[in-house]
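Engineer: If you scroll down you'll find the structure; I have some questions about it.
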Amino acid sequence: MTEFLGILFRWLHIIPACLSIGGVFFMRIILPVGLTVLPPDQRKAVFLRCRRVFKFVIHPSILLFLISGVYNSMANWGAYHRAIPTSHAFFGLHVLLALVVFVISLILLAGKEPPVMHKQWMTVNLAVLMFVVAAAGALKWVRDHAPPAPTMGMIAPAIVKAD
């Protein structure tokens, strides 16, 4: 059962990551180019409709990130602990940057109209997302190369102090 949950929660973390990165890339890079063929009034209507649909992808993705991230952290905490300080550096970076992405995303998608500087902030969000993935990849490598967990044969004998 543990293997099944591990795989399930890994997928529940990776799939929203793919949707989020792909969605941000689409909204910031591809959609604006495609909208140039439309008249300005249609351009805005199509953009706002795509933005609304994107919001319905991002909000559940954030929820899945939080749930699966907590589970994955708890399940892998032993490996992270064995690889201190490197694992904690990448873990902290990964979590901090993810929170930055969540905040930027929620602010950019709040309300019916995007904020004035939404293009610039969406670009920043895309860049931060790339750093989140880089930190996650490094954290996975550190976790996979952590020293093995101690076994009963590896435990050092207690030092007895003579009186």
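The values are calculated or read from the model by the stated rules, or taken from the named source; none is laboratory data. Just so it is clear, the structure is predicted and the values come from calculations on it, not from any experiment. Using ideal geometry, Cβ is built from the backbone for each residue, glycine included, and neighbour counts are taken over all protein chains shown.
Engineer: Evaluate the following for residue 70: is it assigned to a helix (DSSP H, G or I), free of Cβ contacts under 8 Å to residues at least 40 places away in the same chain and either more than 16 Å from residue 10 (Cβ to Cβ) or not polar (S, T, N, Q) (or both)? Explain how you work it out, then say what you get.
Structural biologist: On the way: assigned to a helix (DSSP H, G or I): yes; free of Cβ contacts under 8 Å to residues at least 40 places away in the same chain: yes; either more than 16 Å from residue 10 (Cβ to Cβ) or not polar (S, T, N, Q) (or both): yes.
Considered against the rule, which asks whether it is assigned to a helix (DSSP H, G or I), free of Cβ contacts under 8 Å to residues at least 40 places away in the same chain and either more than 16 Å from residue 10 (Cβ to Cβ) or not polar (S, T, N, Q) (or both), residue 70 comes out as yes.
Engineer: Now for a different question. Collect the residues in segment 107-139 that are free of Cβ contacts under 8 Å to residues at least 40 places away in the same chain and assigned to a loop (DSSP other than H, G, I, E, B), keeping them in residue-number order.
Structural biologist: If the condition is that a residue be free of Cβ contacts under 8 Å to residues at least 40 places away in the same chain and assigned to a loop (DSSP other than H, G, I, E, B), then 110, 111, 115, 116, 117 are the ones that fit.
Engineer: List pairs: first residue in segment 23-37 and under 8 Å from residue 126 (Cβ atoms) and modelled with pLDDT of 95 or more, second residue aliphatic (A, V, I, L, M) and in a helix (DSSP H, G or I) anywhere in the structure, Cβ distance under 7 angstrom, at least six positions apart or on different chains.
Structural biologist: Every condition considered, the pairs that remain are 24/122; 24/126; 24/129; 25/126; 28/122; 28/126.
Engineer: Still on this model: Do we have residue 117 as at pLDDT 95 or above, more than 16 Å from the chain's Cα centre (by Cα) and within 30 Å of residue 44 (Cβ to Cβ) here?
Structural biologist: On the way: at pLDDT 95 or above: yes; more than 16 Å from the chain's Cα centre (by Cα): yes; within 30 Å of residue 44 (Cβ to Cβ): yes.
Considered against the rule, which asks whether it is at pLDDT 95 or above, more than 16 Å from the chain's Cα centre (by Cα) and within 30 Å of residue 44 (Cβ to Cβ), residue 117 comes out as yes.
Engineer: Now a separate question. With respect to residue 38, is the statement that it is outside any helix (DSSP H, G or I) and surrounded by 13 or more Cβ atoms within 10 Å (Cβ to Cβ) true?
Structural biologist: Values: outside any helix (DSSP H, G or I): yes; surrounded by 13 or more Cβ atoms within 10 Å (Cβ to Cβ): yes.
Yes; evaluated as a whole, the condition is true for this residue.
Engineer: If you don't mind, another one. Can we say residue 62 is at pLDDT 95 or above, of a type in the set (A, V, I, L, M), over 17 Å from residue 103 (Cα atoms) and part of a helix (DSSP H, G or I)? Full working, then the answer.
Structural biologist: Numbers: at pLDDT 95 or above: yes; of a type in the set (A, V, I, L, M): yes; over 17 Å from residue 103 (Cα atoms): no; part of a helix (DSSP H, G or I): yes.
Answer is no for this residue.
Engineer: To continue, here is another question. Does at least one position in segment 75-82 carry a residue that is assigned to a helix (DSSP H, G or I), of a type in the set (S, T, N, Q) and closer than 14 Å to residue 139 by Cβ?
Structural biologist: From segment 75-82, those assigned to a helix (DSSP H, G or I) are 75-82; that's our starting set.
Applying the additional criterion that residues be of a type in the set (S, T, N, Q) yields 76.
Still in the list and also closer than 14 Å to residue 139 by Cβ: 76.
Among the residues of segment 75-82, at least one is assigned to a helix (DSSP H, G or I), of a type in the set (S, T, N, Q) and closer than 14 Å to residue 139 by Cβ, which makes the answer yes.
Engineer: I need a count of the residues in segment 33-56 that are farther than 17 Å from residue 109 by Cβ and in contact with a helix residue (DSSP H, G or I) (Cβ under 7 Å, 6 or more places away or on another chain).
Structural biologist: Total satisfying the criteria: 3.
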